[in-house]
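The values are calculated or read from the model by the stated rules, or taken from the named source; none is laboratory data. Since the structure is predicted, the reported quantities are computational estimates derived from the model, not experimental observations. Neighbour counts are summed over all protein chains in view; Cβ atoms, including those assigned to glycine, are modelled from backbone coordinates with ideal geometry. The accessibility values were calculated without ligands, DNA or RNA, using every heavy atom of the protein model including side chains. Shrake-Rupley method; radii C 1.70, N 1.55, O 1.52, S 1.80 Å.
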Amino acid sequence: MSAKVGQILALVEEQAPVSLALPWDRVGLAIGSFRQEVDKLVVALEASEAVLHGAVEVGAQMVLSHHPLLFKPVERFCPDRPLERAISFAIKHDLVVAAAHTNLDVAVDGLNDYLVQVLNLGSAKPLEITQTEAMLKLSVFTPVGYEDRIREAICGVGAGVIGRYEHCSFAARGEGTYRPLPGAGPWRQDAEGLTRAVESRLEVVLPERLVESVLRRLKAVHPYEEVAYDLYPLKNPGMPLGIGRIGQWSQPRSFEQVLVDLKQLFKVPFIKVAGRTPSKVQRVAVCGGSGGDLIERAWEQGAEIFITGDIRYHQAVPWAQERMAILDLGHFATEVLFIPEWGRRLGAALAQAHLPLEIVPDSWGSDPFRYV
């Protein structure tokens, strides 16, 4: 079974909306057409030459990477250089290339939230807020007895979350009326003239990014031919979204044990450290990829360690004597562990949309740096 590129990217959009990407980023479709058919998809950190060749070898028609292949404009096309060679190869083999970058970093349940999960940090929040997501209220009218089915469907894709509670809803009963027009197929077969029905008004809140997926699930399970619902914009404080995360462990850990655990979790032989190392660690900041610009944010919010990659010399110098350890695990290591999970989640979303494509996690990419 295959799907069009546009259908695949629509599901990526639900998980990591393009609107979340930082202004300088280049996300979405880079090479190919939204109408191309795909039955095998490679999910990778980098759309490198090795990954593109591997995708063709396994018969994939599309590569979805975290890092954009076309991050900077190509001013001259010289096919003997690495970037242009990769572009030429993709075009020659009719290979679709797309990316979800900072939108995936910022997204709820995206890359940085996955790092929070694997590090087992509690009470996590964005390290630097980039935007606040608008909230809506959905009110839907349903015949009595269908409330649980509808609640499960819409809350299953993220509606009804308030703070640390999920499946939050409210229902009130009342009387609905309708008169079927010619050609209508009413739920009640005996409906003639003005029909009265005992109904429930079910209400949930949801972030704006979930509107399409929630409405799609709602209409799939609702018994009515025409679903009656209202969407209201709310003035409630929206959900803060941003880059990086800061949280804490339930119990302090020794710095030495933290280093052992991080090397094992991120599969790195060495960790580059700046700043003053604490004897005990409980409050932790983390940012997948290049987090040097967030050092001050981590320090301001009381982090005892900041886990990230790509710390430059001049970013580290001002913090060399401060009471916070900056741990540089490398760009590759802090992001690559999310790729298999990203593929699993995308595969689940495709299956739910009745588009069960084969998802192939990258096995060809590697850290460009080695330790000698």
**Prompt:** Taking GluC sites (Glu not before Pro) as exposed when DSSP calls them loop (any state but H, G, I, E, B) and at most 16 other Cβ atoms lie within 10 Å, what is the longest stretch of the chain free of them, the sites themselves excluded?
**Reply:** 227-321
**Request:** Name the shape class, rounded, prolate or oblate, that the alpha-carbon gyration tensor gives for segment 1-63, where a ≥ b ≥ c are the square roots of its eigenvalues, rounded holds for a/c under 1.5, and otherwise prolate holds if a/b is larger than b/c and oblate otherwise.
**Result:** oblate
**Message:** Please list the three semi-axes, largest first and in whole Å, of the ellipsoid equivalent to the chain, using sqrt of 5 times the eigenvalues of its alpha carbon gyration tensor.
**Reply:** 43, 29, 16
**Complete:** For segment 55-143, the charge dipole (Cβ of Lys, Arg +1; Cβ of Asp, Glu -1; about the Cα centre) points to a positive end, and the Cα of 102, 122, 88 closest to that extreme belongs to 88
**Item:** Kirkwood-based shape ratio for segment 184-243, expressed as Rg/Rh from alpha carbons
**Value:** 1.11
**Two-site FRET efficiency, residue 352 against residue 256, from Cβ-Cβ distance with R₀ of 51 Å, rounded to 0.05** = 0.70
**Asked** Which value, in debye to the nearest 20, describes the size of the charge dipole of the chain about its Cα centre when Lys and Arg Cβ atoms bear +1, Asp and Glu Cβ atoms bear -1, and nothing else is charged?
**Response** 500 debye
**Cα-based equivalent ellipsoid, segment 82-171: semi-axes from gyration tensor eigenvalues, Å** = 38, 22, 12
**Request:** Tabulate in residue order the Karplus-calculated ³J(HN,Hα) for segment 194-201, using 6.51 cos²θ - 1.76 cosθ + 1.60 with θ = phi - 60°, rounded to whole Hz; enter x for Gly and Pro.
**Result:** 7, 9, 10, 9, 7, 10, 10, 9
**Prompt:** In the calculated pair distance distribution of segment 127-193, what percentage of Cα-Cα distances lie above 13 Å?
**Reply:** 75 percent
**Of 317, 220, 2, farthest towards positive along the dipole that unit charges on Lys, Arg, Asp, Glu beta carbons give the chain** = 317
**Prompt:** Looking at the square roots a ≥ b ≥ c of the eigenvalues of the Cα gyration tensor of segment 145-249, which shape do they give, rounded for a/c under 1.5, prolate if a/b is larger than b/c, or oblate?
**Reply:** prolate
**Message:** Just to confirm, what accessible area per residue do you get for segment 1-75 at 1.4 Å probe, in whole Å²?
**Reply:** 45 Å²
**Message:** Given the whole protein assembly as supplied and a 1.4 Å probe, what does the accessible area of residue 81 come to in Å², nearest 10?
**Reply:** 90 Å²
**Complete:** Using the Cα gyration tensor of segment 77-119, the equivalent ellipsoid's semi-axes, largest first and to the nearest Å, work out to 33, 11, 9
**Fill in**
With Rh as the Kirkwood radius over Cα pairs, segment 1-160 has Rg/Rh of 1.06
**Fill in**
Sorted by chain and number, the residues with a modelled amide H under 5 Å from that of residue 65, at a separation of 5 or more or across chains, are 44, 98, 99, 100
**Request:** Starting from the amide H of residue 357, placed 1.01 Å from N in the peptide plane, find each other amide H under 5 Å away whose residue is 5 or more places distant or on another chain.
**Result:** none
**Fill in**
Of the accessible area of segment 61-198, computed with a 1.4 Å probe and all protein chains kept, carbon and sulfur make up a percent value of 51 percent
**Message:** Can you compute the FRET efficiency between residue 314 and residue 279 using 1/(1 + (r/R0)^6), with r the Cβ-Cβ distance and R0 = 30 Å? Round to the nearest 0.05.
**Reply:** 0.60
